[in-house]
């Protein structure tokens, strides 16, 4: 049985940067409780996962994303 490997959605779009102003895109990678979802579940490559982590943390500090959901 062959298991199909997930492709990184950011590599497919050829996105070099992940923008902190794109809140709807960042919300896809956060759980209901506010935790960042790991790359094993989302299929994001390690390079883009680090960029995604920084963008989420910067958006939280800028007040665009909440730290926890209410």
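The values are calculated or read from the model by the stated rules, or taken from the named source; none is laboratory data. Not measured: the values here are computed from a predicted model. Using ideal geometry, Cβ is built from the backbone for each residue, glycine included, and neighbour counts are taken over all protein chains shown.
I need the full set of residues from the stretch 1-27 which are within 17 Å of residue 58 (Cβ to Cβ) and surrounded by 10 or more Cβ atoms within 10 Å (Cβ to Cβ), in order please.
10, 15, 18, 19, 20, 21, 22, 23, 25, 26, 27 - these are the residues of the stretch 1-27 that are within 17 Å of residue 58 (Cβ to Cβ) and surrounded by 10 or more Cβ atoms within 10 Å (Cβ to Cβ).
Flag: residue 65 does not match the condition of being surrounded by 16 or more Cβ atoms within 10 Å (Cβ to Cβ) and not in a loop (DSSP other than H, G, I, E, B).
Among the candidates 65, 26, which residue alone is modelled with pLDDT under 95 and touching a strand residue (DSSP E or B) at 6+ places or on another chain (Cβ under 9 Å)? Result: 65 is the single residue among 65, 26 that is modelled with pLDDT under 95 and touching a strand residue (DSSP E or B) at 6+ places or on another chain (Cβ under 9 Å). Only one of the numbered conditions (1) out of contact with any helix residue (DSSP H, G or I) (no Cβ under 7 Å at 6 or more places or on another chain); (2) in contact (Cβ under 8 Å) with a residue 40 or more places away in the chain; (3) in a helix (DSSP H, G or I) is not met by residue 53, and that is (2). Entry remark, the stretch 29-50: residues being under 22 Å from residue 6 (Cβ atoms), in contact with a helix residue (DSSP H, G or I) (Cβ under 9 Å, 6 or more places away or on another chain) and surrounded by 11 or more Cβ atoms within 10 Å (Cβ to Cβ) number 11 in total. For the stretch 1-48, a residue qualifies if it is within 16 Å of residue 67 (Cα to Cα), under 10 Å from the mean Cα position of the chain (by Cα), in a loop (DSSP other than H, G, I, E, B) and touching a residue at least 24 places away in the same chain (Cβ under 8 Å), and exactly one does: 29.
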